[in-house]
Amino acid sequence: MIITLALAWSQDAPAEPPPAPIAVGDDEVDETVIVTGEAAVLRARDELVLKLRGEGYVRHERDGEYTVFKNDTPYLPQVWLHDDGWLQLKAQPPRVHSPGHSFANQGSPLNYLWCIPTLMTACVSVGSAALGPRQLQTAREDVVDATRPEVQKLNDAVVRQHLAQRLYKDIPADLERIWGDQAAPAIDRRRTLFLYWDSRTETDAGMAAKEAIRAFMKGVVQQSADPYTPGELEALNGARQTGNPLVL
């Protein structure tokens, strides 16, 4: 049985504003923002790992995109930390371990020799099966409650890192590719850029993306030999799908 913690921005928690769009082509600033975002994710992840250690968990192994943590107490659930900052709690299965050691600390392989004279009775733990359903649910809820602030902070850092990557790398690359396609007529390229702007949702992240696209239009397209004309912009705005019109 698995509990998945969906880590989204909490409506009750104060949200940081998204990073402000910057001038397209400012590679030094772009890279600084992205590296800063990566550092914030690493700090938040370290804080969560320290919190898990305080709850008796130690890092056990890597499994794909997860880091698996197991507790010294054999019946407590495993914690699977995804690289994107969300958690899964999984019941601890029965395990064979060396005598006097927990799942999280197996000790020397030579210790398993002591299992032979004891016929394995000192080497087998039943894991989470030792708890009833209500006790197991309570154990899971305790882990969730204990790590909630650190998990929320890590989630926020990951979201902001992804947003910075989108604003400062992905979107500028898309805009430069569209506008730089000299095989297409300028009027078609301007329309494609407008549709790209109009396709952004009007969430905080979407509005930040819209502003980054608008900055490109003002700083590059409108300064070129083929800018938007007032009539063209009026017609495009008249057919837009989102709320406020594009103003250059």
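Taken along the Cα-to-beta-carbon direction at a fixed 7 Å, the label points for Glu202 and Lys218 span 2.0 nm.
Any chance you could run the full-extension gain for Leu195 through Asn244? It's 0.36 nm times the residue separation minus the Cα-Cα distance, nm to one decimal. Write down the numbers at each step before the final one.
Working: separation 49, 0.36 × 49 = 17.64 nm, distance 1.37 nm.
So the chain would gain 16.3 nm between Leu195 and Asn244.
Each label was represented as a point 7 Å from its Cα along the Cα-to-Cβ direction; for Glu55 and Ala173 these points are 3.6 nm apart. Between Ile187 and Gln165, the simple spin-label model (points 7 angstrom out along Cα→Cβ) gives 4.0 nm.
Calculated over segment 180-248, the projected area of the Cα convex hull averaged across directions stands at 4.5 nm².
What's the FRET efficiency of Asp84 with Val144 using the Cβ-Cβ distance as r and R₀ = 22 Å, to the nearest 0.05? Before the final figure, lay out the partial values.
On the way: r = 18 Å, r/R0 = 0.81.
So, using R0 = 22 Å, E works out to roughly 0.80.
Only the coordinates and a few stated rules stand behind these numbers; no lab work does. Since the model is a prediction, treat every value here as computed from it, not as a measurement. Because the Cβ atoms are built from the backbone with ideal geometry, glycine has one as well, and the counts that use them run over all protein chains shown.
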